[in-house]
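Presented below is the structure to which this report refers.
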Amino acid sequence: MMLHDLIGQTRAVTMLERALGSGRLHHTLLFTGPSGVGKWSAAHGVAAALLCRETPREMAGRACGCCGDCRQVLGLAHPDVHYIMPIAGPASAYDPKERPATDPKKRPATDPKKRLATEKDTLIRLLADRRLNPFAHAEQEGTPSISVAWIREIQRVLALRSHGGGGRIVIVREAEAINPTAANAFLKTLEEPPEGSFLILTSAAPARLLPTVLSRAQRIPFGILDREEMSRFASVVGDRLENGGRSKEVEPLRRAFAGTSHDSLIEQSKGRPGELLERLSLGPPVYRDLAFRLLSDGIGRDVPGWIALIEKAGGTKKLNRGQCEGFFDALLPAFRDLLALQNGWLIVDGEMRAAIESAANRIPREAVPKMLASIQERRRLLQEEGTRNVNPSLLMAVTLADLARGAAGA
Ligand SMILES: [Zn+2]
């Protein structure tokens, strides 16, 4: 996303565009604000503006958005954009003083080169996930942190000539995870990066950053979006997901994701587009796998069996309203992806491709919009006030029966 495409954050964007336009951008920036409001996107917008070589002179400081450099930056694949982000596992315990590993079996390999290699592999995987699905949520075991090894590695890279002969950008995600040893090793670079290099730190918890780090960066605050901005964001996403599909088939998708009947989703996201995307793309994690299993295996005749599975995933003995909502919230994106695959649009949840493909082969194409509409309708019913008497198990049973019928082409 280019800087001027960012929805909301007018203040931050104006500050950045002005600085970029005058060629006086501070070499170390700190983007602060709640998670999911656009700090990561803005960092890439700035990187594109700095690396784009196609911008007309009168638009100085703006990225063109379509040249090779811009595409690479926005695709998280530019050789002159480097990343530092918290990584869990061996590398976090790089320095035994930083993180004591008491269990000898869990103690990481002592060879620093090996550890750095492991850490690089993890970073490549995290970036690949994000490339495939910009809404990817990194799942890592343990407590991720930014180790001194990475800081040294980035410093080594910055000492070399840049790939394109121009500037270089280092994007530091969740900068509060820099451990003290790493932060101290980083200070000189923050203070005075090599010629043409820019550092962009992002943090949702700047209070946890060391004062020495804070004092070296120019702070750019990001805030939550207001309701109007969130609706605008939702409809942009709806349009993007639609991706050229025909309007009649797209209608259920539009209703679900373009914000018209999804006020509740906007409400729940509390002004954070990232949260909205996460809710759209994955649904609640406990139900995500189950929703895709339902897609790939089908329901068959075993509605009670499925209700038992939903209860088990939700951790209670009897299906309650919240679980019912949670499962619907996981079904919606799963069916959205099914609809997308059958119509040749973009799939959001790449990890579940196999499940979606299996469903796409089994379920008649014309049945899917109806199935999606049925889930939406029940979801709405659950939420409406004055329907406190609705029986969640019954509602779920009716919906599952609908889906089974739909899948059978009846
Ligand atoms: Zn460009």
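The values are calculated or read from the model by the stated rules, or taken from the named source; none is laboratory data. Note that the structure is a prediction, hence the values are computed from the model and not measured. Here the Cβ is made from the backbone with ideal geometry for all residues, glycine too, and neighbour counts use every protein chain on show. All accessible areas refer to the heavy atoms of the entire protein, side chains included, with ligands and DNA or RNA removed. Shrake-Rupley method; radii C 1.70, N 1.55, O 1.52, S 1.80 Å.
Remarks
- Within the range 61-114, the residues that satisfy the criterion of being within 13 Å of the ligand (Cβ to nearest atom) and modelled with pLDDT under 85 are Gly61, Gly75.
- No other residue among Thr55, Thr28, Thr32 is more than 12 Å from the ligand (Cβ to nearest atom) and either over 23 Å from the mean Cα position of the chain (by Cα) or under 20 Å from Pro194 (Cα atoms) (or both) apart from Thr28.
- Conditions (1) in a loop (DSSP other than H, G, I, E, B); (2) charged (D, E, K, R); (3) touching a residue at least 60 places away in the same chain (Cβ under 8 Å); number of the one not met by Arg24: (3)
Residue-wise test of (1) among the hydrophobic types (A, V, I, L, M, F, W, C); (2) open to solvent by less than 10 Å² (accessible area, probe 1.4 Å); (3) in the same structural domain as Leu276 (by TED's automatic domain parsing).
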position: Leu20; (1), (2), (3): yes, no, no
position: His26; (1), (2), (3): no, no, no
position: Thr32; (1), (2), (3): no, yes, no
position: Gly45; (1), (2), (3): no, yes, no
position: Leu50; (1), (2), (3): yes, no, no
position: Glu58; (1), (2), (3): no, no, no
position: Gln72; (1), (2), (3): no, no, no
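- Taking the range 176-186 as the range and being more than 27 Å from the chain's Cα centre (by Cα) and β-branched (Val, Ile, Thr) as the test, only Thr181 passes.
- Selected residue [among the basic types (Lys, Arg) and touching a residue at least 60 places away in the same chain (Cβ under 8 Å)] from Arg208, Arg152, Arg156, Arg173: Arg173
- One residue stands out among those in the range 35-45 that are away from the ligand (no atom under 13 Å from the Cβ) and not in a loop (DSSP other than H, G, I, E, B): the one that is farthest from Arg216 (Cα to Cα), which is Ser41.
- Annotation: of all residues in the range 187-222 being within 18 Å of Pro144 (Cα to Cα) and open to solvent by less than 50 Å² (accessible area, probe 1.4 Å), the one that is farthest from the chain's Cα centre (by Cα) is Leu209.
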